[in-house]
1. Identify the single condition in (1) open to solvent by 10 Å² or more (accessible area, probe 1.4 Å); (2) farther than 13 Å from Gly64 by Cα; (3) at pLDDT 95 or above that Ser115 does not satisfy, given that it satisfies every other one.
2. I need a count of the residues in the stretch 257-296 that are within 22 Å of the chain's Cα centre (by Cα) and not hydrophobic (A, V, I, L, M, F, W, C).
3. Consider only pairs whose beta carbons are under 8 Å apart and that are at least six residues apart or on different chains; among these, list those whose first residue lies in the stretch 216-228 and is open to solvent by 90 Å² or more (accessible area, probe 1.4 Å) and whose second residue is part of a loop (DSSP other than H, G, I, E, B) and of a type outside the set (Gly, Ala, Ser).
4. How many residues, within the stretch 238-277, are in contact with a strand residue (DSSP E or B) (Cβ under 9 Å, 6 or more places away or on another chain), within 12 Å of Gly183 (Cα to Cα) and not in a helix (DSSP H, G or I)?
5. Given the condition open to solvent by less than 10 Å² (accessible area, probe 1.4 Å), within 20 Å of Val65 (Cβ to Cβ) and modelled with pLDDT of 95 or more, answer yes or no: does some residue in the stretch 193-215 qualify?
6. If you take the residues in the stretch 1-52 that are part of a loop (DSSP other than H, G, I, E, B) and free of Cβ contacts under 8 Å to residues at least 60 places away in the same chain, which one is most open to solvent (accessible area, probe 1.4 Å)?
7. Taking interchain pairs and intrachain pairs at least six residues apart, which have beta carbon atoms under 7 angstrom, with the first residue in the stretch 289-317 and closer than 17 Å to Leu139 by Cα and the second of a type in the set (Ser, Thr, Tyr) and open to solvent by 20 Å² or more (accessible area, probe 1.4 Å)?
Amino acid sequence: MATGRATVLVEPNRLETWDVPIQAPEPGGALVRVVLGGVCGSDLHIMTGEAGIMPFPIILGHEGVGRVEKLGAGVVNDYAGVPVKVGDLVYWAPIALCHRCHSCTVLEETPCENSQFFEHAEKPNWGSYADFAWLPNGLAFFRLPDGADPEAVAALGCALPTVLRGFDRCGPIMVNETVVVQGAGPVGLSAVLVAAVAGAREIIVIDGVENRLETAKLLGATATVSLKDSPEERRRQIYDLCGHNGPNVVVEAAGYLPAFPEGVDLTGNHGRYIVLGLWGAIGTQPISPRDLTTKNINVGGASFPKPKNYFGAMHLAARLQDRFPLAKLISHRFAIGDAGKALDAVKKGEVVKAVIDPTL
């Protein structure tokens, strides 16, 4: 049987490159050749064990754009009803839904109770740090629109779907609202992009890396605040820009636990604090519950975007790819065998967006 390469996390902090069998797709599924596999900050938390114990060994990567190699029996359309054929570029949501559980059918929410985020590395697999991804029946994929740049879609990976999911759950950005984004990684940059398109009046980004702050400006940020300043100084700058009432919306996209109490503090009267980046950082932080009541604020979180969020993100990226430099957000490319270097670069904050490129 033919094989392809894959980055396998054998146990926490132990990566290996394996040759794994290229499996034919099951009925209703698809086999795709990976074009780009996005490197997500969550992957770093998974590798270190901070995100909990996984079903090791696993093939890393939950962000992918690929080219259809073979379609399973019965597959003629993607999950939006668009005709699909061998050779088409597709983008997929990394969870196969069962449509036979409470979350799927009653709550109409993700994640599904009967599916899993990762499969054992020795089984057919949809991990994207690989030459091929095997997409099971029920794992939604969408054909890229004609003219869509796969790099523009891959650049915001699962971050843009996560942001769309967050605004679905916690309320959209309204015209003329003031928005603060904690962190200028892919999730933060996605929040900036959506806020800019929605017509926010102020979009203020907090980060400690100058290059990422400059990138945020290219996507619509109206002001930036450095983490090198004290929390008190950051708050002063933000309230000077937003007014005495404070920001209408604060988005946590830092993935750093101390960002949480600061975000609660920054959120203005009657505002919303949307927590998106702290999926992998397990731990606690103290806040004053009284702040929630005296400021009348809502705190919400979101993770595991729905297939519709991936569909929306793909089309939004395709529509905005010429208006904003989305493809250029990919600052670093790594070979499958260099996934460890990719994750290290993410850890050091050296990248805007890193991808695994199987052609390297």
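1. Here Ser115 clears every test but (3).
2. Residues in the stretch 257-296 being within 22 Å of the chain's Cα centre (by Cα) and not hydrophobic (A, V, I, L, M, F, W, C): 7 in total.
3. Leu218/Phe324; Leu218/Pro325
4. Counting residues in the stretch 238-277 that are in contact with a strand residue (DSSP E or B) (Cβ under 9 Å, 6 or more places away or on another chain), within 12 Å of Gly183 (Cα to Cα) and not in a helix (DSSP H, G or I) gives 9.
5. Checked the stretch 193-215: at least one residue is open to solvent by less than 10 Å² (accessible area, probe 1.4 Å), within 20 Å of Val65 (Cβ to Cβ) and modelled with pLDDT of 95 or more.
6. Result: Met1.
7. Going by the 7 Å Cβ cut-off, the qualifying pairs are Pro307/Tyr79.
For (1) open to solvent by 30 Å² or more (accessible area, probe 1.4 Å); (2) of a type in the set (Phe, Trp, Tyr); (3) farther than 25 Å from Glu151 by Cβ; (4) touching a helix residue (DSSP H, G or I) at 6+ places or on another chain (Cβ under 7 Å), each residue gets a yes or a no:
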site	(1), (2), (3), (4)
Leu276	no, no, no, yes
Gln285	yes, no, yes, yes
Arg290	yes, no, yes, no
Asn296	yes, no, yes, no
Gly301	yes, no, yes, no
Lys308	yes, no, no, no
Met314	no, no, no, yes
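The values are calculated or read from the model by the stated rules, or taken from the named source; none is laboratory data. Because the structure is a prediction, the values reported are computed rather than measured. When we count neighbours, we look across all protein chains shown, and the Cβ atoms used for this are built from the backbone with ideal geometry, even at glycine. Side chains are part of the model used for accessible areas, which takes the heavy atoms of the whole protein and leaves out ligands, DNA and RNA. Shrake-Rupley method; radii C 1.70, N 1.55, O 1.52, S 1.80 Å.
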